1. Restricting to region A:202-232, give me the number of residues that are touching a residue at least 40 places away in the same chain (Cβ under 8 Å) and either polar (S, T, N, Q) or more than 30 Å from A:ASP133 (Cβ to Cβ) (or both).
2. Which is under 28 Å from B:LEU215 (Cβ atoms) and modelled with pLDDT under 95, of B:ALA186, B:ALA172?
3. List the number of the failed condition for B:VAL109; all other conditions in (1) touching a Pro at 6+ places or on another chain (Cβ under 9 Å); (2) part of a loop (DSSP other than H, G, I, E, B); (3) among the β-branched types (Val, Ile, Thr) hold.
4. What is the number of the single condition among (1) within 24 Å of B:HIS57 (Cβ to Cβ); (2) in a strand (DSSP E or B); (3) within 14 Å of chain A (Cβ to nearest Cβ); (4) not acidic (Asp, Glu) that B:THR147 does not meet?
5. State yes or no: is B:HIS242 within 14 Å of another protein chain (Cβ to nearest Cβ), crowded, with 16+ Cβ neighbours inside 10 Å, out of contact with any Gly (no Cβ under 9 Å at 6 or more places or on another chain) and more than 16 Å from B:GLY333 (Cα to Cα)?
6. Only residues that are part of a strand (DSSP E or B) and of a type outside the set (A, V, I, L, M, F, W, C): list them for region A:240-261, please.
7. Could you please find all residues in region B:183-193 being more than 16 Å from B:ALA322 (Cβ to Cβ) and either surrounded by 18 or more Cβ atoms within 10 Å (Cβ to Cβ) or of a type in the set (A, V, I, L, M, F, W, C) (or both)?
Protein chains: 2
Amino acid sequence: MSDIIVIGAGVIGLSAALRLQQAGHSVTIIAKDFPTPFEAADKRALINYTSQWGGAHNRWVLPTNPAEQREHEFSLTTYRHMEATLSEFPEAGITFMKGIEYFENPPPVHRDLTVEKALQLGLEEFKLLEKKDFPDDKVVWGCEYKTWCVNPMVYCSFLLRRLHILGGKAMAMELRNLNEAFLVKAVPGVKTVVNCSGQGFNDPAVFPTRGQTCLVANSCPATVTRQNADGSWSFCVPRNFHGGTVIGGTKEPDNWDLEPSPETRARLLSSFAATYPPIVADGPLQPLGDIVGRRPTRRGGIRLEREEIAADEIKGLQDNEARSIVHAYGLGGRGFELSWGVAEEVFELVKQRVSSRL
Amino acid sequence: MSDIIVIGAGVIGLSAALRLQQAGHSVTIIAKDFPTPFEAADKRALINYTSQWGGAHNRWVLPTNPAEQREHEFSLTTYRHMEATLSEFPEAGITFMKGIEYFENPPPVHRDLTVEKALQLGLEEFKLLEKKDFPDDKVVWGCEYKTWCVNPMVYCSFLLRRLHILGGKAMAMELRNLNEAFLVKAVPGVKTVVNCSGQGFNDPAVFPTRGQTCLVANSCPATVTRQNADGSWSFCVPRNFHGGTVIGGTKEPDNWDLEPSPETRARLLSSFAATYPPIVADGPLQPLGDIVGRRPTRRGGIRLEREEIAADEIKGLQDNEARSIVHAYGLGGRGFELSWGVAEEVFELVKQRVSSRL
């Protein structure tokens, strides 16, 4: 099988690289940023490397159209992959636990959800909550199901180590242009590049969605999400393996502010503690630090497609053979949730190209 | 308890920081380099950060004098700590397995070792090997015992995460001078600094001991060490959790060469495969890369002592109170093996100072 370069070492790049390696390709990841023990990471320097900071859990998004249905399939694939990974590799940083959802203003797809429909959608251990289970009167709909959380630093490092032990390479390098990947001397003869850069490289549809969360030392037995009537969200994502719990959070399209807001922190913590009192059962919230990251979002949603590049478009190429770029970016805040579904699709797109050349 | 700055995030700095934190101090680690998933690390940039590359296992050094006896106590403390850590935190990156030793030219302390003496020294599951167990006729003495190995990247990241979740801080920063640590604005009022820099800061007794090893993808059920008649060593250190197995190795005092030698690689691999054929039972050795690191060694051995610094020696200090530096560096290749014993001693040295000030 051929040599492939994957650009980006976020959760999408790492997952796609492993999937391609599993199919027999020699894979090299080229990335500016790699997983780091987040406690020592310079948060400002890594503000665009969001996998590091991800609230890394699975929250089911109920599909209402074909695009959402496709993403739902990706999340199911990822769910099954997380189950299999945990059973084989307990050190991967994955835990399964209860996922709880509260809505003040549920959309019709939630209001109409029955246990039967939920099970058809693949939601394990699904249960509709009753009024007595709600934290307050503003909540009018709620449910719980079995889901997964990861400690992103532990999980991403695990993926990178696994890639390496199976013969994959990693190079820390900043590319100015996608085509530059075809000219890297250390990996000659590359015909396919997979673009998991997040930022897309000059894609005008990409923009950052700022997220501010607060990391607390408290552990939490569930991942909890609350939608407020004003459209804001309050949630927690436990990160076991000494990663604390992330309390969130904001979703601010095109906000470039690097600094955490102390007011936002105070609001996030108090509203979450009110929504899910078990988190303060053993004592008050112990904040360890604020986290600001920029989710790489894209108008029109995920870009997941193959692009053919004529040889004469790549300056400096030594032959006349066309090249391919498989794009996989623009997942916003859903990178971890959809990662293995996207990786599977990347594999199909790479394979199509190989077949078409036979 | 007081605020303490620990300089260095190698295995000694991380262990000392955790020990002091456990005693109630607020600890901040200041370091130039932090644990990284080594597959992505720039080996040349990190050549002086040896915990990253460490052949991280416990090999008993039989004591023949008081200094060696002290180190033996440190290694026993570390052994017990590794057992306790593994039972509580399976994700720490620690595994226990058989340690095997072969000697072509054993010193008297080995020749005279009986099972009874070994058990008195604390060597669990100790067994003298018979001639029929030796790999060839050059080996004249051998033994096996139960011991531990760690995947250094997984283990050091675990220590850092644990420090953080318990409230510790980490700052990436390069100090020019030890006293600079007393002037860091982010951690005001520090009276005690712990110097786990490895390099010592202008200690003329410190020199680097170059080590070249080769990382292979093969797994190995034991950590094996062979002393050759010419004084060279052949060994393997398994690094489970997708870290492969390190085959070594050289010990070259004051050799500053950054480049791995292909001849050395070839010699290490072939001599180890001959010494321990089980490693090639499932197929030939699969090299993943050469590793060159510089063990921070010190003439006269470990420096582990408290130094008092008069206030007027620290330029820029705002008060007249003397400060203390606890030095803990110069462990050569034995950092992981002695880490928890050294951490315990650091704690005692910090405490002495506090007591003397009461």
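1. Going through region A:202-232 one residue at a time, the tally reaches 14.
2. Values: B:ALA186 fails: under 28 Å from B:LEU215 (Cβ atoms).
The conditions single out B:ALA172.
3. Condition not satisfied by B:VAL109: (2).
4. (3)
5. On the way: within 14 Å of another protein chain (Cβ to nearest Cβ): yes; crowded, with 16+ Cβ neighbours inside 10 Å: yes; out of contact with any Gly (no Cβ under 9 Å at 6 or more places or on another chain): yes; more than 16 Å from B:GLY333 (Cα to Cα): yes.
Yes; evaluated as a whole, the condition is true for this residue.
6. A:THR245, A:GLY248, A:GLU252, A:PRO253
7. Matches in region B:183-193: B:VAL184, B:ALA186, B:VAL187.
Condition check ((1) touching a residue at least 60 places away in the same chain (Cβ under 8 Å); (2) touching a strand residue (DSSP E or B) at 6+ places or on another chain (Cβ under 6 Å); (3) over 28 Å from A:LEU159 (Cα atoms)) across all residues:
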residue	(1), (2), (3)
B:PRO152	yes, no, no
B:TYR155	yes, no, no
B:ARG162	yes, no, no
B:LEU166	yes, no, no
B:ARG176	no, no, yes
B:ASN179	yes, no, yes
B:PHE182	yes, yes, yes
B:VAL187	yes, yes, yes
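The values are calculated or read from the model by the stated rules, or taken from the named source; none is laboratory data. Here the structure is a predicted model, which means the values were calculated and not measured. FYI the Cβ positions are ideal-geometry reconstructions off the backbone, even for glycines, and counts take in every protein chain you see.
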